[in-house]
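Worksheet: the structure to be examined is printed underneath.
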Amino acid sequence: MKQALAYIKAITSGKEVSCEFVKLAVLRHLSDLKKQKSEYFGFVFSERHAQNAIDFFRMLRHTSGKYAGKPFNLQDNQAFETAMIFGWRQKADGNRRFTQVYDEKGRKGGKSQYAGGIELYCGLCEGEESAEVYTAATTRDQADMVFRAVKKMGRYLRQDSPLMAKAITVMAHSVILNNTDSFIQKVSADAGTLDGLNPHCAVIDEYHAHKTDEVKGVMQTGMGSRENPLLFIITTAGFNKESPCYKVERANAVAVLKGERTQDNLFAIIYTLDEGDDWRDPNVWKKANPNLGSTPTVKYLQDQVQDAINKGTTTRVQVVTKNFNCWLDTPKIWIPDDAIKAVMKPINLEDYAGRPCYLANDLAATSDITADAIFFPPHNGQKSALFTTFWLPEDTIEKRKDETSYREWVENGFIIKTPGNVADYGFIRKWINAKAETHRIGSVSYDPWNGYQLATELTGDGFELILCRQTYGNSSEPLKWIEKTIIAGEIDIQENPALEWMFRNVVLDFDANDNIKLNKAKSAGKIDGVSAFWMAVFGWLTAPPPVSSYLLEEDSELLKW
């Protein structure tokens, strides 16, 4: 308890750097301590129960990194959390007050190790017969993060204590707790139905990645027959503010901490930056990383921040979200305008004749902009280069004649007028074939949406066509490459105000693994040129490496064989 009390004192005195939500969690505890003597307040704080749980953690050993095998060095904030979860009891029956926990902090904050200790304590030390303890996540791999820690901690306990050697059996998919006929297992949403579970304790890992509340709901409803259950949510911030994590659980946790709602069975603590904090300022880093110096290290965080400063928007969003635990909306501007303008040059396509290149088409459905990108990857010490061409049916241009930008772009040749009222794919096919006479086209990438007919015709013309769906798996690497290359000034892009406008319109989607893709529905305007650009880069990145000329000359017989 000395550590827990020291943490409370450090937070209230301002000695420990902390955010608003951590202060509120501490003040809530202090306020409840004053209420516990009242007959109207149904809870009491038991230092004995708190100390029991803290003492158990001191029996554990770390399972990974440089601390693997060393005693679990419970940090002051972890001692505080442990004391709160297990120290507050119900006056009526002595069971835990808190049956739900919401714990949110930055990446590399020791969440999995701590959650593993919680699972072992609940299964071994709370006296629950036939306790079912689960690590739950969206995938089995994610669920395995905590479960691996549980298994290794269990093995260490068996080594360190003859009593624990009898009490614990570690198996591939279960940790059996013999003294209470209980077990710890991992489950995931991708493993089929989760119905029929009867959890005493369930740890839901990285809840920000859950698209629905299905896993949480199954665990929570399954606890109905348990008298002293614990639903423990651990997570880092995510990118989806429509997720059940942000919209429901976090929103509720914040309201409880602020006193706007009452929920006596919920313990919530959120380590994050306060509004107005500069994430580049080392003085605020500990707000989101209470174990800073232990996990993560200061050097690790310094490197992450420098990476974000150097590499631009998507890396910055990832670092601020994951390392500083701030829920961010997708950035309004993906790549800063000045970075785009700096690489736009009056370059000529004819000057790149004979140099390898990759094409991509973003085809309009009917009467909209069709875009083509010709991308020249770095070659023999020369910079990358990009040329974009846009087509628009003449009837559409007439309808938009009052839009100054469109009219000027057509008049100045930045958008090419095609006959009729719909996109003319035959016109585009002839254009691509004409370019092939002077340029070494490696492949043509296309989206199957509206693209099959033209792809079939171009295949007949002798081109290699690359199917390129608009998925995270396809687009993330090319988009990140584009961002890094533009910000570093390592590409020349043919001047085109329409393309510059399209870059400003881009809105990105992020998945749970920090992959990115374009979101055309949310974008501020057309982004067809950017879409064609990344698909052309995709064609280059996925192209097989060229066969060495040395092999062709020296090993021709082997190659024939």
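The values are calculated or read from the model by the stated rules, or taken from the named source; none is laboratory data. Keep in mind that what you see is a predicted model, and the values were worked out from it rather than measured. With ideal geometry, Cβ positions are generated from the backbone for all residues, glycine too; neighbour counts draw on all protein chains shown.
I need every pair where a residue in region 27-47 that is part of a loop (DSSP other than H, G, I, E, B) has its Cβ under 6 Å from the Cβ of a residue that is β-branched (Val, Ile, Thr), sequence separation at least 6 or different chains.
GLN36/VAL44
Residues are listed down the side, and each one gets a yes or a no for (1) at pLDDT 95 or above; (2) outside any loop (DSSP other than H, G, I, E, B); (3) in the same structural domain as VAL101 (by TED's automatic domain parsing):
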| residue | (1), (2), (3) |
| --- | --- |
| ALA251 | yes, yes, yes |
| VAL254 | yes, yes, yes |
| GLN263 | yes, no, yes |
| LEU273 | yes, no, yes |
| GLY276 | no, no, yes |
| ASN291 | no, no, yes |
| SER294 | no, no, yes |
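Would you mind telling me which numbered condition in (1) in a loop (DSSP other than H, G, I, E, B); (2) free of Cβ contacts under 8 Å to residues at least 60 places away in the same chain; (3) crowded, with 19+ Cβ neighbours inside 10 Å GLN113 fails?
Among (1) in a loop (DSSP other than H, G, I, E, B); (2) free of Cβ contacts under 8 Å to residues at least 60 places away in the same chain; (3) crowded, with 19+ Cβ neighbours inside 10 Å, the lone unmet condition for GLN113 is (1).
Condition first: among the hydrophobic types (A, V, I, L, M, F, W, C) and over 20 Å from ALA4 (Cα atoms). Now tell me which residues in region 87-121 satisfy that. I'd like the intermediate steps shown before the answer.
Taking region 87-121 and keeping what is among the hydrophobic types (A, V, I, L, M, F, W, C), we get 88, 92, 98, 101, 115, 118, 120.
ALA92, LEU120 - these are the residues of region 87-121 that are among the hydrophobic types (A, V, I, L, M, F, W, C) and over 20 Å from ALA4 (Cα atoms).
Anything in region 70-90 that is of a type in the set (A, V, I, L, M), over 20 Å from TYR207 (Cα atoms), within 29 Å of the chain's Cα centre (by Cα) and in a helix (DSSP H, G or I)? List them, or say none.
Within region 70-90, the first condition is being of a type in the set (A, V, I, L, M), and the residues that meet it are 74, 79, 83-85.
Still in the list and also over 20 Å from TYR207 (Cα atoms): 74, 79, 83-84.
Of the ones still in play, those that are also within 29 Å of the chain's Cα centre (by Cα) are 74, 79.
Listed by number, the list holds a single entry, ALA79.
Looking only at region 226-239, which residues are crowded, with 20+ Cβ neighbours inside 10 Å and not in a strand (DSSP E or B)?
First, pick out the residues of region 226-239 that are crowded, with 20+ Cβ neighbours inside 10 Å: 229-239.
Within region 226-239, PRO229, THR236, ALA237, GLY238, PHE239 qualify.
Kindly indicate the residue of region 134-185 that is of a type in the set (D, E, K, R) and exposed (fewer than 14 other Cβ atoms within 10 Å of the Cβ) and also farthest from PRO199 (Cα to Cα) among those meeting that condition. Don't jump to the end; show me each part of the working.
To start, the set of residues in region 134-185 that are of a type in the set (D, E, K, R) comprises 140-141, 144, 148, 151-152, 155, 158, 160, 166, 181.
Subsequent filtering for residues that are exposed (fewer than 14 other Cβ atoms within 10 Å of the Cβ) retains 141, 166, 181.
On the way: ASP141: 21, LYS166: 23, ASP181: 14 Å.
The qualifying residue farthest from PRO199 (Cα to Cα) is LYS166.
Condition check: acidic (Asp, Glu), touching a Ser or Thr at 6+ places or on another chain (Cβ under 9 Å) and at pLDDT 85 or above. Does GLU464 satisfy that?
Considered against the rule, which asks whether it is acidic (Asp, Glu), touching a Ser or Thr at 6+ places or on another chain (Cβ under 9 Å) and at pLDDT 85 or above, GLU464 comes out as yes.
Considering each residue of region 365-393, count those that are surrounded by fewer than 13 Cβ atoms within 10 Å (Cβ to Cβ) and at pLDDT 75 or above, and give that number. Walk me through how you get there before you give the answer.
To start, the set of residues in region 365-393 that are surrounded by fewer than 13 Cβ atoms within 10 Å (Cβ to Cβ) comprises 365-366, 380-382.
Going one step further and asking which of them are at pLDDT 75 or above, we end up with 380-382.
Of the residues in that region, 3 qualify.
Among residues belonging to region 33-78 that are within 16 Å of GLY116 (Cα to Cα) and among the charged types (D, E, K, R), point out the one that is surrounded by the most Cβ atoms within 10 Å (Cβ to Cβ). Don't jump to the end; show me each part of the working.
Just the residues of region 33-78 that are within 16 Å of GLY116 (Cα to Cα), to begin with: 53-65, 67-75, 78.
Then keep just the ones that are among the charged types (D, E, K, R); that gives 55, 58, 61, 70.
Numbers: ASP55: 12, ARG58: 11, ARG61: 19, LYS70: 10.
Here the residue is ARG61.
Please give the number of the condition LEU508 fails out of (1) over 20 Å from SER384 (Cβ atoms); (2) without any contact (Cβ under 8 Å) to a residue 60 or more places away in the chain.
Of everything listed in (1) over 20 Å from SER384 (Cβ atoms); (2) without any contact (Cβ under 8 Å) to a residue 60 or more places away in the chain, LEU508 misses just condition (2).
What pairs come up if the first residue lies in region 385-396 and is closer than 21 Å to LEU359 by Cα, the second is assigned to a strand (DSSP E or B) and modelled with pLDDT under 85, and their beta carbons are under 8 Å apart, counting only those six or more places apart or on different chains?
TRP391/LYS417; TRP391/THR418; LEU392/LYS417; LEU392/THR418
Under the condition of being surrounded by fewer than 16 Cβ atoms within 10 Å (Cβ to Cβ) and either without any contact (Cβ under 8 Å) to a residue 24 or more places away in the chain or polar (S, T, N, Q) (or both), which residue from region 298-331 is farthest from VAL22 (Cα to Cα)?
Checking each candidate, the answer is ASN310.
In region 311-327, what count of residues is obtained for those that are modelled with pLDDT of 85 or more, out of contact with any Ser or Thr (no Cβ under 8 Å at 6 or more places or on another chain) and either at positive phi or not in a helix (DSSP H, G or I) (or both)?
Qualifying residue count, region 311-327: 1.
Of all residues in region 48-69, how many are farther than 16 Å from ALA6 by Cα and either in contact with a helix residue (DSSP H, G or I) (Cβ under 6 Å, 6 or more places away or on another chain) or part of a loop (DSSP other than H, G, I, E, B) (or both)? Steps first, please.
Kept after step one, since they are farther than 16 Å from ALA6 by Cα, are these residues of region 48-69: 48-49, 52-53, 55-69.
Okay, now just the ones that are also either in contact with a helix residue (DSSP H, G or I) (Cβ under 6 Å, 6 or more places away or on another chain) or part of a loop (DSSP other than H, G, I, E, B) (or both), so 49, 53, 56-57, 60-64, 68-69.
Number satisfying all stated conditions: 11.
Listed residues GLU20, GLU81; which is surrounded by fewer than 17 Cβ atoms within 10 Å (Cβ to Cβ), under 30 Å from ASP278 (Cβ atoms) and of a type in the set (Asp, Glu)?
None of the others qualify; the one that does is GLU20.
Consider GLU553 carefully, then state whether it is at pLDDT 90 or above, assigned to a helix (DSSP H, G or I) and surrounded by fewer than 22 Cβ atoms within 10 Å (Cβ to Cβ).
No: the conditions fail for GLU553.
May I ask you to list the residues in region 434-449 that are over 40 Å from the mean Cα position of the chain (by Cα) and either loosely packed, with under 15 Cβ neighbours inside 10 Å or more than 21 Å from ALA543 (Cα to Cα) (or both)?
The answer is ALA434, GLU437, THR438.
So how many residues does region 1-58 have that are basic (Lys, Arg) and over 36 Å from the mean Cα position of the chain (by Cα)?
5
So in region 272-324, with the set limited to residues that are among the polar types (S, T, N, Q) and under 17 Å from the mean Cα position of the chain (by Cα), which one is farthest from LYS105 (Cα to Cα)?
THR313
Just to be sure before I move on: is GLU242 charged (D, E, K, R), without any contact (Cβ under 8 Å) to a residue 40 or more places away in the chain and under 29 Å from ASP32 (Cβ atoms) in the structure I sent?
Details: charged (D, E, K, R): yes; without any contact (Cβ under 8 Å) to a residue 40 or more places away in the chain: yes; under 29 Å from ASP32 (Cβ atoms): no.
Against the criterion (charged (D, E, K, R), without any contact (Cβ under 8 Å) to a residue 40 or more places away in the chain and under 29 Å from ASP32 (Cβ atoms)), GLU242 does not qualify.
In region 96-109, what residues are surrounded by fewer than 23 Cβ atoms within 10 Å (Cβ to Cβ) and modelled with pLDDT under 95?
Selection gives ARG107, LYS108.
In the set ASP93, ASP103, which member is in contact (Cβ under 8 Å) with a residue 40 or more places away in the chain and under 29 Å from the mean Cα position of the chain (by Cα)?
Details: ASP93 fails: under 29 Å from the mean Cα position of the chain (by Cα).
After applying the criteria, what remains is ASP103.
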